[in-house]
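I have placed the structure first, in the form of structure tokens, so that the comments after it can refer back to it.
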Amino acid sequence: MSSFVDRARSSKRIRILCLGGDLNGGGAERVQLGLLRAMDRERFAVRLAYLRENGDLQALVPNDIIPQYLVRASSRIPMNAVGAFRKLYALARDADLILAMQECSPTYLSVLVARVQRKPVVAWIHVQTSSAMSNYAPWHRYVGPVLYRRASRLVGVSQGIIQDLHDSYGVEAKRMCTIYNPVDIMKVRSQADHPLAAPYTGWFARSSILGVGRFVKQKRFDLLIRAFAQEVNRGADIHLILLGKGPEQQNLEVLAQKVGVSARVFFPGFQMNPYPFIKAATVLASSSDYEGLGMVLLESMAIGTPVVSTDCLSGPREILEDGRNGILTPVGDWQALGSAIGRMLSCDEERKRFISQGLRRVEDFQIERQTKRWEELLTDVIAWTRPSDTDNWCSSGNVA
């Protein structure tokens, strides 16, 4: 801890404590680590903490950061709220600002610690609250609105999330802003050029549909399997690859067998580098009931793979600009999703247009642009919440 503090003080950097849930292999976690990796170390000293020590993304943690964990992987005792608060309180004592990198528990704890220590806290919200609430314990309905409204600033990854926070939780507009998830376009394309392993190449020998994400109910991969089966029954000679892992996998395998397409549906599991799969696919399909933004859509567009997506209340419509950069279908309508996939496969001219439009659109999300917005926001929050602290080296005048 002392080295973090000493280095930050000697270089006049803003000291930020970032708190996440864990390092599970989701799009939000990848985005969080990508932002921390891109932030200017001349201006910001970053400490990283997680509620739990588990997940697949350890290798993506920036080399100059050693994560702290409120619960160690070897611990058999669940972390209680008081214990988590105490550990986070100790880590935050020398921070200038706390960044809660995820909604719910990381935000709740960060706001409580920040309020006690009288320092600013920024909460980064990745999901649409009203839609996701059905997956949470009932107490979140009472705790969430109270604590979210006490954050110095809430950052939504889409405009839809910001509107939902206002409508569902009554958060003041002046406390919120939208910063789109950053995409490291060059890195994504570089990793996409890695060759696929031998067992996988045959799956892409014919036209292929790719779904990427955790196998949870929200992602509705069951709808994608039904949509795929519809197109197979119409005579399409295609494969479906579902990339990820999660509690719904067995149900999905049973469904593929039930609708008669199990020989054409493949489950390669979680992949640290999913981009060669995206590049090899003919179409990327997202079938979610709700999203925050839809990171895999952006990554697919950056690689040049056209996308089909359900029209969630937030995310895909903003990315696809009302359908100009890909095909949108009604949420929950697997017949429409299947028809959109068939349309993307059969119309070469339209597919090429969507690829071209996608390559243009993703430039709006490039990591340099979005990281700059984050750095400006964090600097402004420090200045806004502590305007009279002229001796503090992280005031706006010292970090311009």
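Some notes on this structure:
- Count of the range 77-122 residues, restricted to those that are farther than 25 Å from W384 by Cβ and open to solvent by 30 Å² or more (accessible area, probe 1.4 Å), is 11.
- Verdict on I66 being open to solvent by 20 Å² or more (accessible area, probe 1.4 Å), farther than 25 Å from G156 by Cβ and modelled with pLDDT of 90 or more: yes
- Residue within the range 143-154 that is open to solvent by less than 10 Å² (accessible area, probe 1.4 Å), at pLDDT 90 or above and of a type in the set (V, I, T) present: no
- Qualifying residue in the range 285-296 (condition: open to solvent by less than 10 Å² (accessible area, probe 1.4 Å), within 19 Å of S356 (Cβ to Cβ) and in contact (Cβ under 8 Å) with a residue 40 or more places away in the chain): no
- Scanning the range 328-367 for residues that are in contact with a Pro (Cβ under 9 Å, 6 or more places away or on another chain), within 15 Å of A227 (Cβ to Cβ) and open to solvent by 10 Å² or more (accessible area, probe 1.4 Å) returns L328, A336.
- Yes/no for A45 being open to solvent by 10 Å² or more (accessible area, probe 1.4 Å), of a type in the set (A, V, I, L, M), modelled with pLDDT of 85 or more and not in a loop (DSSP other than H, G, I, E, B): no
- Selection within the range 12-25: residues that are part of a loop (DSSP other than H, G, I, E, B) and open to solvent by 10 Å² or more (accessible area, probe 1.4 Å). The member of this set that is farthest from V296 (Cα to Cα) is K12.
- Residue among G211, G260, G235 that alone is touching a Lys or Arg at 6+ places or on another chain (Cβ under 9 Å) and of a type in the set (G, A, S): G211
- Filter pass, I209 being modelled with pLDDT of 95 or more, touching an Asp or Glu at 6+ places or on another chain (Cβ under 9 Å) and β-branched (V, I, T): yes
- The condition (being out of contact with any strand residue (DSSP E or B) (no Cβ under 9 Å at 6 or more places or on another chain) and surrounded by 14 or more Cβ atoms within 10 Å (Cβ to Cβ)) is satisfied by just one residue among R220, R175, R214: R214.
- Of all residues in the range 7-32, those that are modelled with pLDDT of 85 or more have Cβ atoms under 6 Å from Cβ atoms of residues that are aromatic (F, W, Y), 6 or more apart or on another chain, in R13/F44; I14/F44; I16/F44; G20/Y50; D22/Y50.
- Among the residues of the range 326-350, just one is of a type in the set (D, E, K, R) and under 26 Å from the mean Cα position of the chain (by Cα), namely D333.
- Within the range 254-262, none of the residues are under 27 Å from the mean Cα position of the chain (by Cα) and either surrounded by 17 or more Cβ atoms within 10 Å (Cβ to Cβ) or at pLDDT below 95 (or both).
- In the range 86-107, the count of residues that are at positive phi and within 17 Å of the chain's Cα centre (by Cα) is one or more.
- Annotation note: Cβ proximity below 7 Å between a residue of the range 121-138 that is within 13 Å of V111 (Cβ to Cβ) and free of Cβ contacts under 8 Å to residues at least 60 places away in the same chain and a residue that is of a type outside the set (F, W, Y) and open to solvent by 10 Å² or more (accessible area, probe 1.4 Å) (sequence gap 6+ or interchain) occurs for V121/S152.
- Verdict on E231 being touching a residue at least 60 places away in the same chain (Cβ under 8 Å), more than 22 Å from P316 (Cα to Cα) and among the acidic types (D, E): yes
- Check on A192, open to solvent by less than 50 Å² (accessible area, probe 1.4 Å) and touching a Ser or Thr at 6+ places or on another chain (Cβ under 8 Å): no
- Just so you know, in the range 297-311 the residues that are surrounded by 24 or more Cβ atoms within 10 Å (Cβ to Cβ) and not β-branched (V, I, T) include one that is nearest to D56 (Cα to Cα), and it is E299.
The values are calculated or read from the model by the stated rules, or taken from the named source; none is laboratory data. Predicted model, so just to flag it, every value in this text is computed and none were measured. Glycine gets a Cβ as well: all are built from the backbone with ideal geometry, and neighbour counts include every protein chain shown. Surface areas here come from the heavy atoms of the whole protein model, side chains and all, with no ligands, DNA or RNA. Shrake-Rupley method; radii C 1.70, N 1.55, O 1.52, S 1.80 Å.
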